[in-house]
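Comments concern the structure below.
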Amino acid sequence: MQNPVTVIQSVRLDDENDTLVLLDQTVLPNETNFLELKEMEDIWDAIYQLKVRGAPAIGIAAAYGAYLGAKKSTAETYEALFADFKKVKDYLATSRPTAVNLFWALNRMEDRFKQEAGKSVAEVKAALKEESEAIRAEDEKICEAIGEHALSLLEPGWGLLTHCNAGTIATAKYGTALAPIYLGQEKGYDFKVYADETRPLLQGARLTAWELQQAGVDVTLICDNMASIVMKEGKIQAVLVGCDRVAANGDAANKIGTSGVAILAKHYNIPFYVCAPLSTIDLECQTGDDIHIELRPSEEITTKWYEQSMAPEGVQTYNPAFDVTDHSLITGIVTEKGIAYAPYTESLSEMFKK
Ligand code: MRU
């Protein structure tokens, strides 16, 4: 039977109408609404507001945005088109700082542009379209491969804990951390999945619980502060999370709260796996200290989701959107090329040679 969730295209190019089509992830699970965006400011805002979110999906959206921006240009020479493209690229790159896929995808688009040197404006535009579509299509295959490798680490009937949403809507298809769950479901693995709600933006409650429920996976929603008790009660045999940027030494930035889950998993002797495509691995960051952590507005903590403010007016807040899990807490990093184990400085760079 067709999985009703993995067929959803959360990011799509409607080239005929010069439009980027996005599943609005801010209104799920109550509304399934697709946005049709033409203006660069709207694409930037959709990334910043998390209407499109999840590292691979952000990269795909940015690649389509860069193509649409170039397509719109009235430049008549290669050089003039490049200047317009660069403006769009640099602008989109300011939308969010942590997920390296955003920069990876935009740089890949620029590399392709440069490969077309000497070609006509129409040819360059066609090449950019091809590149953005390739980024999307490759991500689908990459996620499937991550899912297969991760599934080899799991056993039927296991209880799995995940944090945030690294599912199909965060990627082209399948997701990263949720990919083995979907692939396992096809094989009758019967996993019992615990989804952390993921304060403050509730990606676990609104997106992961929704995705898995729609797909018919046995999913139980818990508050973030319940991860310890479900581990202690023996309900969890492995933790699977996605990632926004992995440093060369294996330190991994993911949604705020992830590192706490990893510390708990270590305490309870539960394997903790990070699932990430090579496009999320940034060998230029030596350690997690080099990763730029996004800070977001106070309202996400104090008022959002509430009928009235749940904090005294004017209270200081600190709202980092990500944290870094130390490599020593990570059992393995699952990529499309295989599973990297410590020492990560060696195993991750080896992955790029495969
Ligand atoms: O702020 P978000 O919702 O974009 O954060 C997303 C995550 O932390 C995901 O785990 C990560 O991007 C991997 S998505 C396959």
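Among the residues of segment 261-280, the ones that are in a loop (DSSP other than H, G, I, E, B) and either outside the structural domain of Thr168 (by TED's automatic domain parsing) or surrounded by fewer than 24 Cβ atoms within 10 Å (Cβ to Cβ) (or both) come to 4 in all. Residue count for segment 131-162, restricted to those that are among the hydroxyl-bearing types (Ser, Thr, Tyr), more than 19 Å from Ala265 (Cα to Cα) and either touching a Cys at 6+ places or on another chain (Cβ under 6 Å) or crowded, with 17+ Cβ neighbours inside 10 Å (or both): 1. In the set (1) within 15 Å of the ligand (Cβ to nearest atom); (2) open to solvent by 40 Å² or more (accessible area, probe 1.4 Å), the condition left unmet by Thr325 is number (2).
Filtering segment 339-354 to residues that are surrounded by 15 or more Cβ atoms within 10 Å (Cβ to Cβ) and within 17 Å of Pro271 (Cα to Cα) leaves Ile339, Ala340, Ala342, Tyr344.
Taking every residue in segment 246-269 that is within 21 Å of Gly167 (Cα to Cα) and at pLDDT below 95 and pairing it with any residue that is open to solvent by 10 Å² or more (accessible area, probe 1.4 Å) and among the basic types (Lys, Arg), at least 6 positions away or on another chain, yields no pair with a Cβ-Cβ distance below 9 Å.
Of the residues contained in segment 137-159, none is found to be part of a loop (DSSP other than H, G, I, E, B) and under 23 Å from Ala93 (Cβ atoms). Within segment 180-197, being assigned to a helix (DSSP H, G or I) and open to solvent by 30 Å² or more (accessible area, probe 1.4 Å) holds for Gln185, Glu186. Return yes or no: is Glu155 within 16 Å of the ligand (Cβ to nearest atom) and in contact (Cβ under 8 Å) with a residue 12 or more places away in the chain? No, not satisfied.
Across segment 116-143, the number of residues qualifying as within 14 Å of Gly65 (Cα to Cα) and in contact with a strand residue (DSSP E or B) (Cβ under 9 Å, 6 or more places away or on another chain) comes to 4.
Entry remark, segment 70-102: residues being more than 21 Å from Lys38 (Cα to Cα) and open to solvent by 50 Å² or more (accessible area, probe 1.4 Å) number 3 in total. Among the residues of segment 198-243, the ones that are surrounded by 17 or more Cβ atoms within 10 Å (Cβ to Cβ), in contact with a helix residue (DSSP H, G or I) (Cβ under 9 Å, 6 or more places away or on another chain) and among the hydroxyl-bearing types (Ser, Thr, Tyr) come to 1 in all.
Of the helices (runs of 4 or more DSSP H) lying entirely inside segment 33-105, those containing at least 2 residues that are within 13 Å of the ligand (Cβ to nearest atom) are 40-48, 55-72. In the set Pro277, Pro320, Pro297, only one residue is closer than 25 Å to Glu155 by Cα, within 16 Å of the ligand (Cβ to nearest atom) and not basic (Lys, Arg); that residue is Pro277.
The values are calculated or read from the model by the stated rules, or taken from the named source; none is laboratory data. Just so it is clear, the model here is predicted, and its values are computed rather than measured. Note that we place each Cβ from the backbone using ideal geometry, even for glycine, and neighbour counts take in every protein chain shown. These accessible areas exclude ligands, DNA and RNA; they are computed on the full protein's heavy atoms, side chains included. Shrake-Rupley method; radii C 1.70, N 1.55, O 1.52, S 1.80 Å.
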